[in-house]
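Visitor: What follows is a single structure, and I will ask about it in a moment.
The values are calculated or read from the model by the stated rules, or taken from the named source; none is laboratory data. These figures come from a predicted structure and were not determined experimentally. For neighbour counting, all protein chains shown are included, and Cβ atoms are generated from backbone atoms with ideal geometry for every residue, glycine included.
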Amino acid sequence: MPWDSSPAGIKKEYNALTDPNMRHYFENRSVQKHLYNTGQIDRAGRVIDLERNKSKFHIIEQEFKAGSGVATFPRRASRTAFASSHVGRNR
């Protein structure tokens, strides 16, 4: 009988952020700063669950992709030219 190296009850993916034995390491301020800057924890130090928020991230990603054609504001020079061409007009 061959030896089975996949015992039942072990999670498929290991997440060190939720491991109670790693808590001391993740309490370090420089580590927390890095995790916050990379979007893995929020300001309060709570782990951001990417699987649970996947739909929100997908919407944001789609908005960024379409962002080049969204509302663009006219340049300051064109606004100034527009304003000066309408000064003194009677309505």
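Visitor: Which one is modelled with the lowest pLDDT, of the residues in segment 31-64 that are in a loop (DSSP other than H, G, I, E, B) and basic (Lys, Arg)?
Guide: So, considering only residues that are in a loop (DSSP other than H, G, I, E, B) and basic (Lys, Arg), the one modelled with the lowest pLDDT is ARG52.
Visitor: Still on this model: Hey, could you check segment 37-64 for residues that are among the small types (Gly, Ala, Ser) and exposed (fewer than 10 other Cβ atoms within 10 Å of the Cβ) and say which is farthest from PRO20 (Cα to Cα)?
Guide: Filtering segment 37-64 down to residues among the small types (Gly, Ala, Ser) leaves 39, 44-45, 55.
After this cut, where a residue has to be exposed (fewer than 10 other Cβ atoms within 10 Å of the Cβ) as well, the list is 44, 55.
Numbers: ALA44: 18, SER55: 28 Å.
Of everything passing the filter in segment 37-64, SER55 is farthest from PRO20 (Cα to Cα).
Visitor: Out of all the residues in segment 1-15, which are modelled with pLDDT of 80 or more and either more than 19 Å from ILE48 (Cα to Cα) or surrounded by fewer than 10 Cβ atoms within 10 Å (Cβ to Cβ) (or both)?
Guide: Step one: of segment 1-15, the residues modelled with pLDDT of 80 or more are 13-15.
If the condition is that a residue be modelled with pLDDT of 80 or more and either more than 19 Å from ILE48 (Cα to Cα) or surrounded by fewer than 10 Cβ atoms within 10 Å (Cβ to Cβ) (or both), then GLU13, TYR14 are the ones that fit.
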